[in-house]
Amino acid sequence: MAARKSCTHMTWAEAKAKSGFGGNNNNKSGKVKPPPIKDHAKLLAAKIVAKHQNNNNNNSGSVNSEENVITGRQAARLARKDKERQEHLDKIRQAEKEQQRLNDIVYPHLLALEKLDELAEQCRNESSSSSNSNSSNDGTGSPNKDPNQWWKEICESKQMQLDELIALEAIYADTNALVVHSMDRMESLQHKLEEWQSDPDDTEKQMAVVHHPPISFTLKRSYEDPQNEDIVAHMLFRIEFLPDYPLHTTPPTIEVIWFTLISKSLTVPSNKPLEGTNMGTLKKDALKQALTQQAQELVGMPSIYEVLDTYLSENVFDFIERSVSPPKKLRRHAPRIFYTLDVVTDGSEYTGHGTLFLSVWKSSPSFLLSSTAAASVPLQNDFNLLNDSTLLARYAVAGVGDALARLCADQRFKVAPTRACFVPTHSNCLDGLSSLFLALHGAGSSSLHVVLPPATSNIDIVEELASITLGSYKRVDIRTCQLQPPKEDELTFPWWKVYEDEFADVHACCCMEQTSDSWSIILLYSIISSNSSLDDEQAVTTTIAILPPNISNIVEVFQKQLSDHTSLPLVRGTAITSISHVVALNPACHRQAVEDLSKDHPLTNFMVTAPQTERMDRGLFIRSQQLARYFYDGIPWAFVATPERTSSYSSPSNKSNANVTILESTTSCIINSKNEDGTITVIDRRKDIADGDLKEEWASTLESLRQFVPRSRPDNDDNEIVLDDMDDSDAGEDDAPIDSVYGLDIPRLLVLGTGCATPSPHRNASSYALIFPGQHFPQIFILDCGEGASAMLLRSCDKTLDWQRHIRGIWISHAHLDHYGGLPCLLRLLYDARVRNNKAGATKNTEPVFKRQRRELNQECCIPWVMAPPKVLRYLDISLDCHNGRLRDTRGIRSNDFRQVFHPRVHNDPTLATIPPPGPWVHFENVPVHHNCCPSYALLLGWRDGSPNMHRYLCYSGDTRPCVALVRACRNAIGRGRSSSLTLIHEATFSDQDMENAEKKKHSTLGEAVQVASDIPASKLLLTHFSQRYVSLDTNDYARSTLPMGLAADGLWLPMN
């Protein structure tokens, strides 16, 4: 009552003022109190600013409390300015480090020229300090001649020596190659000769010339290798004229003081000695003998220029013995520019038409430094040749297919330097573009240039995909260049320049596709390079033509667009005279045509891809193959056997002709260098990836799965997954049904991916397949579909399951790319399978009625429903050129049944309670969960297992923090059935020690997932969505728990009974 009475004596305004709420929260002094700062960053900025102002007030000796009041907006502004100032300072420091790095790199070629000058000056100083008298060369000795006649010939010889030296000075005036040791001695000789010529009979003047010291000088010469202009020999000669030269056979004394053989484009660290860069040794004795012989043949006339310049320029390399190979560090620091065509995937396992990158490297291998050593360097399977070089730029030359991020992680392939992406056709070449956007965004790249064929609609595909993938955080400047279709009256399609930088010029022209009226583009890459560095004169050395898939006639296109050199574009004012390489992306249609073209054009190298769609490619997901084999050896009843161990590889040298190269996954072709037989050098990158051993941490995952998926019978288990090909000839009357043979007599969960957003070589992105046996055919439902899901279905289900015809529905938890990136590829495969099935059925007019009905039923079930957030449905419409799942471009499609690619549905559809998606469901519920992507959902499924009251439930959490709504929904579902069990698939992105990261990124830890399963309670717990920072989580702390718990792995088959 006292409290109530005190309130009655207080007005409403006084209550608000006392409590601090409301707009008039004035204190007694009349000053407005600043609102509390709840944001941590703003609070920290306010503290820093307050401390700064207190220091200033203390220095001034006065404190003004009114000026120290700082609002939250002012604190945020000051914090932003401090951040900008810090970023500016970081850029300055980075520029200083880069400048220091450049200053620490020197050219040994320039150092050699400096050393020539230094040694020449040193020889001059030594000669000047020596005595002017030289009794051995005074010419007083007469070789059985009249002394007066002999002395007269010596005077004439010295006059000729002086004239020759003056002529050499004029010849080498621009290069300062000639250095006279004593100019005073030369002037003295000239003065004495003038006196002797004025009175030749004066013996005293004549003897002054005869006794004059001989003239000596040094000559610096550099000789280029005629076979390789980059290799140069630097030599320093010391020449001394003998008294009777050149009138008699005595040649001048020529001595090689210093020699080195070096590459002009070579760069080394500044602390590396110049002697360590020498690439050869000089045969001095043989050289001296040859020079003496040449000088004797020129008796009576000057011989220095003829011997040291004319003769040695042509023959000096005959006296140089080169090293077998340059030192290893030369490969690392040689600034040669070379190019490789890197095959990330050749299109196998539904990864597009092939993902190829043109890479620009600095510091080439040794075979590019010396043309004579090219044949002796083993290049096959030598991945270190690329490791020793610096990557400058990359270009996606044939689009980007599905599973790009994971393939690059597996191959340690960097896409951050990618400058441009060229898309030859809309089909299958844009599936990995969103992954490329994220990779460039994460690496801090500034821009990306995208070239597209003519559009089929008015939608800006690239801009839309970038907006959906990156959202408002887009920092990459994406520039789109889209070609226009040619006019109808044009006989030949023109070439358009679509890209240009310091390394390459790219032109494109249109061509018509075979199966539809759509347009593709032919891409022509002109490589710009020079002999030494980018600052030198540039020239076109190599041209590469990319032929798109699905073109009607490759021979006709080649003859029309590429063989006629007059129709090819000009590249920086230079005409293209030949096409160096031609890459064909559709070998199914082009293989025989390429064989024919290679015979007619032997100077052009043809390259074709060899995709595998019915078996596993040894060059894809190499470390994932190793891990799958490891799990199969430990738990053969829960995993599928891989065809072979990935450590055995064959050399990628399967060539039908000398100028035909088969492009295989995870290989690189050096396109501006050929072997002696004319073939392209191929570097196999696969073996280097597969040699590593698996870490011991995977043993904990194996042990948890061994206990989680126990084998019901030790031998000949009916549920063991055997997906090998079977021979129908061995089948008998008592054979089991095909569903039972393949382990599909009960519902099963196939784990296709257990990784998180960061690509991993061992774990695919989140994806699962729930497979139900049916009366006529199985029913498959996909839960999340990260990139690479189609390849994992191929590896785990094989063709015998015919999964492309039996997928009925796809459910996506939220709009993060690692949960829906594989959808365009998968839906395109399902649509193509349905079209093929219809064509195959149309030709079988005599098939039995029940088979036709089953085929039609299969066809009807192949139009899947896709339940996803609106953002993902928009992404699918753009990628597949659809509107609400229906094709926009219906040219060539006669039946309305084949215009629908998928049936779109959203999570919050109010009709789900009464009309769930097609399937064997007794319960279908979308449960909203807590994640940093809105909306995010978990999925709760229920189906009958045998009797009507026996229900099985599966709950897939998606990405979430521990959610009360999820626990409540699972409890309610379990309580409806008399005998029910629930399997929980819950994410465990972080370990218990990384709770802070889990709360920040709205994910769950291992302990939180176990707690959610205990709160439900669940019958089983399968942990998934692991961060790539862990090899495997440690579950020893939960070993005493009675809850069956396992760590999911890619390729796991989990029975749901």
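The values are calculated or read from the model by the stated rules, or taken from the named source; none is laboratory data. Keep in mind that this is a model prediction, so the values were computed, not measured. Cβ atoms come from the backbone with ideal geometry, glycine included; neighbour counts cover every protein chain shown. These area figures cover heavy atoms from the full protein model, side chains too; ligands, DNA and RNA do not enter into them. Shrake-Rupley method; radii C 1.70, N 1.55, O 1.52, S 1.80 Å.
Measure off 7 Å from each Cα along the Cα-to-Cβ vector at Lys1000 and Gln197, then give the distance between these two points in nanometres to one decimal.
9.0 nm
Out of Thr277, Leu298, Pro226, whose Cα points farthest toward the positive end of the dipole of segment 171-299 (charges: +1 Lys, Arg; -1 Asp, Glu; placed on Cβ)?
Thr277
Which FRET efficiency value, to the nearest 0.05, is calculated for Asp909 and Glu463 with the Förster distance at 25 angstrom and r the Cβ-Cβ distance? Could the numbers behind the result be given before it?
Working: r = 29 Å, r/R0 = 1.16.
For Asp909 and Glu463, the calculated efficiency is 0.30.
How long are the three semi-axes of the equivalent ellipsoid of segment 954-1057, in whole Å, if each is the root of 5 times an eigenvalue of the C-alpha gyration tensor, listed from largest down?
Gyration-tensor ellipsoid for segment 954-1057: 23, 16, 12 Å.
Using protein chains only and a probe of 1.4 angstrom, how many square angstrom of Ser1027 are accessible, to the nearest 10?
Around 10 Å² of this residue is reachable by solvent.
If you place +1 on the Cβ of every Lys and Arg, -1 on the Cβ of every Asp and Glu, and leave all else neutral, what size is the dipole of segment 929-1057 about its Cα centre, to the nearest 20 Debye?
On the way: 13 positive and 12 negative charges, 127 e Å.
Here segment 929-1057 has a charge dipole of around 600 debye.
Determine the gain in length on full extension of the stretch Lys288-Asn838; use 0.36 nm per residue of separation and subtract their C-alpha separation, reporting nm with one decimal. It would help to have the intermediate numbers written out before the result.
Values: separation 550, 0.36 × 550 = 198.00 nm, distance 8.59 nm.
Result for the pair: 189.4 nm of gain on full extension.
Consider a paramagnetic label point 7 Å from the Cα of Arg971 along Cα→Cβ; state which residues of segment 1000-1042 have an amide N under 13 Å from it.
Once the point is set 7 Å along Cα→Cβ of Arg971, 1012-1018 turn out to lie under 13 Å by backbone N, inside segment 1000-1042.
Sort 430-437, 878-885 for me by packing, meaning the mean count of neighbouring Cβ atoms within 10 Å per residue, highest on top.
On the way: 430-437: 26.2, 878-885: 18.5.
Ranking the peptides 430-437, 878-885 by packing returns 430-437, 878-885.
Using a Förster distance of 35 Å, how high is the FRET efficiency between Gln227 and Ser567, based on the Cβ-Cβ distance and rounded to 0.05?
Details: r = 35 Å, r/R0 = 1.00.
After rounding to 0.05, the efficiency reads 0.50.
Taking 0.36 nm per residue of sequence separation and subtracting the Cα-Cα distance, how much length would be gained by fully extending the chain between Gln993 and Arg706, in nm to one decimal?
Roughly 100.7 nm would be gained on extension.
Dipole of segment 406-533 (Lys/Arg Cβ +1, Asp/Glu Cβ -1, origin at the Cα centre): which of Ile528, Thr418, Ser457 lies farthest to the positive side?
Of the options given, the answer is Thr418.
What full-extension length gain, to one decimal in nm, is calculated for Leu162 and Lys83 as 0.36 nm per residue of separation minus the Cα-Cα distance?
Values: separation 79, 0.36 × 79 = 28.44 nm, distance 7.33 nm.
Separation in residues times 0.36 nm, less the Cα-Cα distance, equals 21.1 nm.
Please give, to one decimal in nm, the separation of the simple spin-label points placed at Ala416 and Val256, each 7 Å out from Cα toward the Cβ.
About 4.8 nm, to one decimal.
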